[in-house]
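Structure, as structure tokens:
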Amino acid sequence: QVRLVESGGGLAQAGGSLRLSCAASGTTLTFNTMGWYRQAPGKQREWVARITSGGSTNYAGSVKGRFTISGDNAKNTVYLQMNSLKPEDTAVYYCHADLYGPSYWGQGTQVTVSS
């Protein structure tokens with residue numbers, strides 16, 4: 001059974017940084033894509049960033065230039081380096097992985113940015 005486990009969330013001040021990690025287990029296959037979504041209170045879940053197995057990356061406009069996604073195919077792990085954090089980045093961040101069809105979600109990790 002595939003599991004995604006996030007870590008690294010917490011509290012940061014505006015302008016600060018946090019690094020999220022997401023480790024996948026339960027498969028020896030390399031994911032097609034891994035990425036991050038977030039959901040703020042009272043809002044819909046939104047896509048944040050994605051990385052393919054080939055290393056291509058994409059970002060939502062709201063985080064481009066501030067967040068960096070990276071991955072380690074051998075470990076089936078993806079990271080999200082978040083710099084220049086803003087209060088509006090406050091949300092539960094979810095890891096997502098696509099295994100060429102089936103997709104999986106982590107349980108989420110809270111990120112809170114104070115002004």
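Can you tally the net charge around A91? Count Lys and Arg as +1, Asp and Glu as -1, for every other residue whose Cβ sits under 15 Å from the Cβ of A91. Residues close to A91 contribute a combined charge of +1.
Projected over all directions and averaged, the alpha-carbon convex hull of region 45-115 occupies 5.2 nm².
A dipole drawn for region 58-115 from +1 and -1 charges on Cβ atoms has a positive end, and of A60, S84, A74 the residue lying farthest that way is S84. Each residue of region 24-30 is assigned a 3J(HN,Hα), and the resulting list reads 9, 9, x, 8, 9, 7, 8 Hz, derived from the Karplus form 6.51 cos²θ - 1.76 cosθ + 1.60 (θ = phi - 60°), x at Gly and Pro.
Summing +1 for each Lys or Arg and -1 for each Asp or Glu among the other residues whose beta-carbon sits under 12 angstrom from that of R38 gives -2. Dipole size of region 34-105 about its Cα centre, with +1 on Lys/Arg Cβ and -1 on Asp/Glu Cβ: approximately 120 debye, rounded to the nearest 20. In this structure the chain gives 52 Å² per residue of accessible area when probed at 1.4 Å with all protein chains present.
The values are calculated or read from the model by the stated rules, or taken from the named source; none is laboratory data. Being a predicted model, the structure only gives us computed values, none of them experimental. Ideal geometry is used to build each Cβ from the backbone, glycine not excepted, and the neighbour counts take in all protein chains shown. Accessible surface is based on the protein model in full, side chains and every heavy atom, while ligands, DNA and RNA are left aside. Shrake-Rupley method; radii C 1.70, N 1.55, O 1.52, S 1.80 Å.
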